[in-house]
Structures are given as C-alpha cells and as structure tokens.
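One structure is given below, encoded as structure tokens.
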Amino acid sequence: MTRCQAPKIVFQILSRFVGMLLLVWVAGVISPAFAGEPQPMHGVAMHGDLKYGPDFTHFEYADPNAPKGGEVRLAAVGGFDSFNPYIVKGQPAAGLGFLFESLMTSSADEAFSEYGLIAESIEMPDDRSWVIFNLRPQARFHDGSAITADDVIFSFDILKTKGRPLFRFYYANVEKVEKLAEQRVKFTFAPGENRELALIIGQLPILSKQYWEGRDFDATTLEPPIGSGPYRIKQFETGRFVVYELDENYWGKDLPVNRGIYNFGRMRYDYYRDTTVALEAFKAGAYDLRPETSAKDWATAYDFPAVRNGLVKTERFPHQMPSGMQGFAYNLRRPLFQDDRVRQALAYAFDFEWSNRNLFYGQYTRTRSYFDNSELASRGLPSKEELVVLEPLRAQIPPEVFTETYAPPVSDSPEGLRANLRKALDLLQAAGWVFKDRKLVNGQTGQPFEFEILLNQPNWERITLPFTRNLERLGINTHVRTVDSAQYENRLNNFDYDMIVDVWGQSLSPGNEQREFWGSHAADAPGSRNTVGIKNPAIDQLIESVIAAPDRQALLTCVHAMDRVLLWNHYVIPHWHIPYERLAFWDKFGRPALIPMQGVQINAWWVDPAKAATLGEREKTLKAE
C-alpha cells in the first residue's frame, strides 16, 4: 500500500487502559490530560500547524478598526426565484451565504485551516476518527433562539437527504451523529483514512430546526429564512434585486474571525439580463464594484470619463490559488463522445493561440492541469512516488500517463492549425468516422457527426464560434445555442446537453469534493458537479487516495497522479487562466494593505466615508460637464 492509500493503525489502547487503572488506584480521579483524552482546540489545520494561536485577535488581512456602515451595490446576471441555496430546485439569490454560518470558518492566508465560529472549540483524536464540536453559548439565530446540538444534527440530516448532491458525497463517510449535551455534538466517521472529514463537517451550514421543521425544505421559497449570519434580507423584488442589511445585534461580530470583516452596512445586488448590459450599468454608476472576467473588456471597455478622471479604479490583485479547470466539457452520457479518440480529436480544432492573440489581447496562459498555478499541478513524467500509486491501475488508465507529458495542442500559425486538423481527422477515422461529401459521417451507420454547444451568456459566442468554424472544416456540424439562466440551470441539473463551458474551482487542499466532480456515484445524481458524466473505477480509486493522504507530501503525490489520469482521458478541452483577479470599482472604498494567498477579500473592505462624499461631489461635477 502507498502512503496515500494505507489507513493509520495505532495500537495505544492497552497502555492507556493500564495508565487509567493506575490513576484510579492512586488518586481515584482520572485527569483527561493524563488519560490521553483529546483536548479542546480553537482550530484545526488539514496538514501541519495553525498560523493563528488560541489568543489571536483578528486575521492579518483584516483591519479590526475598519468602520462599519455605508452601502455597496453589486451586480448579478439572470434572475432568482428562491432564498434556499442548498437545494437543486430554483435559482437562489446572490449573497445568500451572508445569512448562514457554519461551525468553523476558514482563513484566507493558509492552505486549509479552520477556526471556531458557531463552535467555540473542537476535540478529536490523532487518527481523526471522530470529532466533537462545543458550541458557543452566545450563538444565536436571527430570531434570538440559541443554536443547539439539535440544530446541528437537523442541518446534517436535512442537507444529506434533501440538499444538493454535493452534501451526500461530502458526508458519505459520517457513520453517526450524537447529541452529547445541549451545546455539544459528536460526529463519528466510518473506518478508513479521511483527515479532511473533520474540517468538512466544520463547514456544515447550521440551519434552524425550529424554522425549517414545519416547511418543505426541498421546495423553492421567497420567504426570507432565519439564519445566524451577519446580514438579513432587508427588501427584494423577485428576479430584480435583493438588499441585505448588517444585523446590529449580530451575535458573532466581536469574534476574532470576524473582526474587520463584514463592514458594509448594506449590500444590494441588482440583476441584469447579461454581462454586456451589466458593464454598461457599471459605467453609468449603477453599481460600485465589478470583477471583470472578460479579457477583451478589461483591455478595451475601461476607457471612459470616470476612469480617466480617477473616479473608477482598475486593479489586478494577485493570488496563489490553483487555477482549476475551465474548458469545453463533453457529456459522456452521449454516445458520440464515449470514444476518447473523438474527444482528443476535437481538442485539435480549438485554436487557443489565435483566440489569445485576437480575442484576449494576449492576457491568458493556456491551462495544462486541473490544478495549474500551484504545486498541485502535475509536471513532466510521473515521479517514483506517483508510479507507486499509478502502477496498480496501469490496465485501467491511458498508457500516455506513463510515457508522455500532457500538453494541449498548439497552433501558433495557420500551418500549425492545418497540421492539427489533419491529426484530428486521423483520430476520427481511427474511431470509425469517414469524410464523405464534405461531411463527417459514421462509417457504419452513415449518421453525421453533429452536436450542440449550450451556453448561458452571449459573450461566450465570440469564443465558441471560431471553434465551430474549425470543426466545420472537419465536416462536423455544430450548433451554438445560448439560453436564459433559468433554462440553462434546468438543463444543466438534468445533464441535458452535448457540450458546455464548465469551470471546476480547486482549493489548495483538494479532498472530498473531488467525489462530486469526478466520482462515478455523482454521474447519475441530478444537479451534481460531475457534468462530464465520468464513471471510471481508476479515478474513483485515485479520489479516495487523495482523501486518505496522511500528510502534505502524500497529498501532492496523489493529486499529481489523479491530475494526469484526468488530463489523458480528454474529458475537457482546456481553456486558459490568469494568476490574478481583475477588479474595477468606484473609488469609495478603504481596504487592508495585505492581500492573502487566497486573493483579495472583498468582505474585509469598507466604505470610506470621506472617499464616498468626495466621489458623490465629483460625480455631480462630471455629469454636469
């Protein structure tokens, strides 16, 4: 067995038992510290030590003296019809995460560490086979009721049975949940190594049992729910806007994890039809802050008077997070894409170099890993440690995993594209397709090679249409269809598409969420993130090895191995990434000087009263001119 796969076996029972007997005989009292009992901790790290000690006052990237108040206006695209973000049905409103809280909360300047939020402390043994959460006595829901172990157990049960598929996969290894006291709850895990599971449970959103018990949890609702977070819903108009107001009586405002965080007095999300309309609204001052995802717009759309006069700032904020994977994603539930030679062939028709040069103004780097821009990305050929993981799976994975370094096709000239299309045609012919009357048809049935690319934003058309023109040169008829957000969400949840543009974000500590991304059990679960429909026993084993990794080095080895197998199965046509975030914002904000490793933290910004007043006067002057 590898370090990735082997569970830890610790034989300490006998020595502890003898020691306990001796203490009883001598003193008649057992001290938990001497008995080897786990002690309460203020936080937990996935691997290694916590950055912040038990007496920390605030995260370094937050300013504890930041002023509270003011309003920030934000934009969302599409519409919403529900205030329940935890189910498949409906379109949840933007910002609902501010209503709800979890047992623990993560810091943004560590790979994966959590500190007490609703839970004041946690207890767990060295093998992390169980975890106890001790809840804060002062923790309250918005209606003033105390958060108890009953609420924790209810939340776990309802999310696992009626929530999004993610929760079923996340919590699959929880064997038992017990109420030990009114504010003390224990989770016991199934046998096997899963060091992340205690932290996963720490992320459990805590819902009010009293509020939800009499309601249909898996139905959409526009009744503002009872949460425990820093904000409440102040007002809304279905599908048009929603306003959140900072709760003056928020129970957790003085916790170290919250000092300098959640500074905006009001947050308003206005909905726009698409990103083009939203951009024009930003230029007109209809909202305050805009993350820019379009390279073209970043290069060309921010030359307007408010930028030239300094009223609007445009900045790039670096981060050290994995890029994740964005790409044209195949739906393997369609017979058309079940041959990996077909999937590989179509990748030769995507001309990234042309797109980067003509559409993206040279801003992007081609993605070559599911974990690019980080130490998690596989590089070169497998190491000796990776081979130990991969060798038992040799018969089930592509042979190139062992012999070649993965790289997407390159076409840096017209001649390069023609060469790539010839390679694509060779692969398609090997898979049984023939070129006939300028059309690609199945050599046995005569069925033409035809499929649809489903999009949810018009701005994707300018990227997708050049790709389809290259496919047309191969005799492939491709339809590009852009639909509204509600229809797109419904088709996505039911896997009703041939190809989509999809994005899988990754953290610095991958783990249980990989089951929902690539695991066989997620492939048939409506609403899951396994949009490709992967059912691969080798990948299932690699996922479990990632989850079971006992330390950081073992995690890197197992993630590298999984990354290689995902890449060489050609499940997606990789797109591109950048190692920074692009933000445009009206100059009314203050912010901490430090940007943590996970990138800019907007929740640590605040409305600067002096800047806001100056901005208002300058806007009036600009409009008058």
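Evaluated with a Cβ-only charge set (Lys, Arg +1; Asp, Glu -1), the chain carries a dipole of roughly 980 debye about its Cα centre, given to the nearest 20. Taking each of 209/253; 253/611; 179/234; 253/313; 68/89 in turn, the alpha-carbon distance tops 32 angstrom for 179/234; 68/89. Summing Lys and Arg as +1 and Asp and Glu as -1 over all other residues whose Cβ lies under 15 Å from the Cβ of residue 80 gives a net charge of -2. All C-alpha to C-alpha distances of region 229-277, sorted into 5 Å bins beginning at zero, yield P(r) values of 5, 20, 23, 16, 14, 11, 7, 4, 0 percent in whole numbers.
Spacing of the modelled spin labels on residue 486 and residue 238, each 7 Å from Cα toward Cβ, amounts to 0.9 nm.
When Rg and Dmax of the Cα atoms in Å is calculated for this entry, the matching label among [x] 25.6, 77; [y] 26.4, 94; [z] 27.8, 106 is [y]. Net length available on complete extension from residue 477 to residue 180 is 100.7 nm, with 0.36 nm assigned per residue and the Cα-Cα distance removed. Name the shape class, rounded, prolate or oblate, that the alpha-carbon gyration tensor gives for region 466-625, where a ≥ b ≥ c are the square roots of its eigenvalues, rounded holds for a/c under 1.5, and otherwise prolate holds if a/b is larger than b/c and oblate otherwise. Judged from the Cα gyration tensor, region 466-625 comes out oblate (a/c at least 1.5, b/c at or above a/b).
If the segment from residue 620 to residue 121 were pulled out straight at 0.36 nm per residue, it would be longer than the present Cα-Cα gap by 174.5 nm. Contact order for the chain, expressed relative to its length and based on alpha carbon pairs under 8 Å spaced 6+ residues apart, stands at 21 percent. Shape class for region 89-174: rounded, because the ratio a/c of the largest to smallest gyration tensor axis (alpha-carbon atoms, square roots of eigenvalues) is under 1.5. Computed from the Cβ-Cβ distance with R0 of 41 Å, the FRET efficiency linking residue 222 to residue 357 stands at 0.30. Using C-alpha pairs under 8 Å with a sequence gap of at least 6, the mean separation divided by the residue count of region 467-625 gives a relative contact order of 12 percent. Within the P(r) computed for region 154-248, what percentage of the Cα pairs occupies the region above 21 Å? Roughly 47 percent, once rounded to a whole number. Just to confirm a number: summing +1 for Lys and Arg and -1 for Asp and Glu over residues other than residue 219 whose beta-carbon lies under 13 angstrom from that of residue 219, what do you get? Local charge sum for residue 219: -1. Estimated from the Cβ-Cβ distance and a Förster radius of 22 angstrom, the FRET efficiency linking residue 462 and residue 277 is about 0.85.
Residue 251 sits among other residues whose Cβ lies under 15 Å from its own Cβ, and their net charge, with Lys and Arg +1 and Asp and Glu -1, is -2. Calculated FRET efficiency, residue 210 to residue 253, Cβ-Cβ distance, R0 = 22 Å: about 0.45 to the nearest 0.05. Taking a straight line from the alpha carbon of residue 588, these aspartates and glutamates sit under 14 Å away, with near neighbours fewer than eight places off in the same chain left out: 71, 288, 608, 617, 619. Amide H contacts for residue 433 (H built 1.01 Å from N in the peptide plane; partners 5 or more residues away or on another chain; cut-off under 5 Å): 443.
A cut-off of 5 Å between modelled amide H atoms, ignoring neighbours fewer than 5 places along the same chain, links residue 589 with 608. On the principal axes of its alpha carbon atoms, region 295-387 extends 56, 36, 24 Å, with the longest extent given first. Derived scalar couplings between HN and Hα for region 461-473 equal 5, 5, 8, 7, 4, x, 4, 5, 5, 5, 5, 4, 5 Hz in order, rounded to whole Hz, by the Karplus curve 6.51 cos²θ - 1.76 cosθ + 1.60 (θ = phi - 60°), x for Gly and Pro. Cross-link partners of residue 620 among aspartates and glutamates, defined as those whose alpha carbon lies under 15 angstrom from its own and excluding same-chain residues fewer than eight positions apart: 587. Across region 347-365, the residues whose backbone nitrogen lies under 18 Å from the label position 7 Å along the beta-carbon direction of residue 303 are 358-363.
Readers should treat all values here as calculations from the given coordinates under stated rules, not as data from a laboratory. Since this is a predicted model, take the numbers as computed values, not measurements. Positions of Cβ are backbone-derived with ideal geometry, glycine not excepted, and every protein chain shown enters the neighbour counts.
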